[in-house]
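Asks: Below is the structure I would like to discuss, written out as structure tokens.
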Amino acid sequence: MSAIEISFDLHGESIPADYPHQLWEALLRIAPALAESEDVGVIPLRGPNNSGELLLPKRSKLVLRLPRALQDVAMTLSKQALQIGAVTLTLGQGKTREIQPHSTLHAHLVAGPSDEIEFMEMVNAALAALEVRSKFICGRHHSLNSDQQAISGFSLVMHDLTPEDSLRIQYAGMGSGRNLGCGIFVPHKVISGLE
């Protein structure tokens, strides 16, 4: 599978801290064809949490990772307004960028068993299925809750990846819920020589 990222400048001051489901629904109102692929991912937004609101830094970007076949669909989001609860966010012009290999990758939340040992077994099975060799560190347990569903799992760092394996894991992701920001691996500060 080949994937690409499309980045949009994100104009707005804040978004509800429990935004993932609402953001996905707002994207589908403009570009419903995005729902046709489970491989469409929304890279999690970052910012300080203030009383249930995620404060958006001035240079915030909304980044979608998706199959190249959906690039034109995603571009229809350019310069559109997203209504998320009481908040309106405006997107800039979409810009495509190739996914680059990095030896260390991080996912904020990979959906899976809440038991850490079972989760690590799931990760090992997923890596074997992808034929990816990687060392990994299981991080904190996280959950993502909304009216529609609850997702739980752990953060995960993959390190000492070859360029080929790095691209493979970024293209494929891991687990479910990529449209909600789960199982998407992004570059992370380098970890090496860990035993």
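Asks: Would you confirm whether any residue within the range 20-42 is within 16 Å of the chain's Cα centre (by Cα), surrounded by fewer than 18 Cβ atoms within 10 Å (Cβ to Cβ), outside the structural domain of residue 175 (by TED's automatic domain parsing) and among the hydrophobic types (A, V, I, L, M, F, W, C)?
Replies: yes
Asks: For the range 112-120, check the following and say yes or no: at least one residue is in contact with a His (Cβ under 9 Å, 6 or more places away or on another chain) and of a type in the set (D, E, K, R).
Replies: yes
Asks: If we keep just the residues of the range 1-48 that are small (Gly, Ala, Ser) and assigned to a helix (DSSP H, G or I), which is farthest from residue 180 (Cα to Cα)? Spell out the reasoning first.
Replies: The initial filter retains those residues of the range 1-48 that are small (Gly, Ala, Ser), namely 2-3, 7, 12, 14, 17, 26, 31, 33, 35, 37, 41, 47.
Restricting the remaining residues to those that are assigned to a helix (DSSP H, G or I) gives 26, 33, 35.
Numbers: 26: 12, 33: 16, 35: 12 Å.
That would be 33.
Asks: Within the range 54-99, count every residue that is part of a loop (DSSP other than H, G, I, E, B) and out of contact with any strand residue (DSSP E or B) (no Cβ under 7 Å at 6 or more places or on another chain). So that I can check it myself, show each step before the final result.
Replies: Step one: filter the range 54-99 for residues part of a loop (DSSP other than H, G, I, E, B), giving 56-60, 76-80, 85-86, 92-94, 98-99.
Keeping just the survivors that are out of contact with any strand residue (DSSP E or B) (no Cβ under 7 Å at 6 or more places or on another chain) gives 57-59, 76, 86, 93.
Count: 6.
Asks: Of the conditions (1) within 17 Å of the chain's Cα centre (by Cα); (2) within 15 Å of residue 168 (Cα to Cα), residue 130 fails just one. Which one is it?
Replies: (1)
Asks: Go through the range 90-129 and give me each residue that's without any contact (Cβ under 8 Å) to a residue 24 or more places away in the chain and either surrounded by fewer than 13 Cβ atoms within 10 Å (Cβ to Cβ) or more than 27 Å from residue 149 (Cα to Cα) (or both).
Replies: 115, 117, 118, 124, 125, 128, 129
Asks: When the range 130-147 is examined, which residues are found to be free of Cβ contacts under 8 Å to residues at least 60 places away in the same chain, in a loop (DSSP other than H, G, I, E, B) and surrounded by fewer than 18 Cβ atoms within 10 Å (Cβ to Cβ)?
Replies: Matches in the range 130-147: 131, 133.
Asks: Next up: Take the conditions among the β-branched types (Val, Ile, Thr), crowded, with 18+ Cβ neighbours inside 10 Å and either outside the structural domain of residue 37 (by TED's automatic domain parsing) or in contact with a helix residue (DSSP H, G or I) (Cβ under 7 Å, 6 or more places away or on another chain) (or both) and apply them to residue 151. Does it pass?
Replies: yes
Asks: If you don't mind, there's one more thing I want to ask. Kindly evaluate residue 114 against the criterion of being modelled with pLDDT under 95 and either within 21 Å of residue 36 (Cβ to Cβ) or in a loop (DSSP other than H, G, I, E, B) (or both).
Replies: yes
The values are calculated or read from the model by the stated rules, or taken from the named source; none is laboratory data. What you see is a predicted model, and the numbers here were worked out from it, not measured in a lab. Neighbour counts are summed over all protein chains in view; Cβ atoms, including those assigned to glycine, are modelled from backbone coordinates with ideal geometry.
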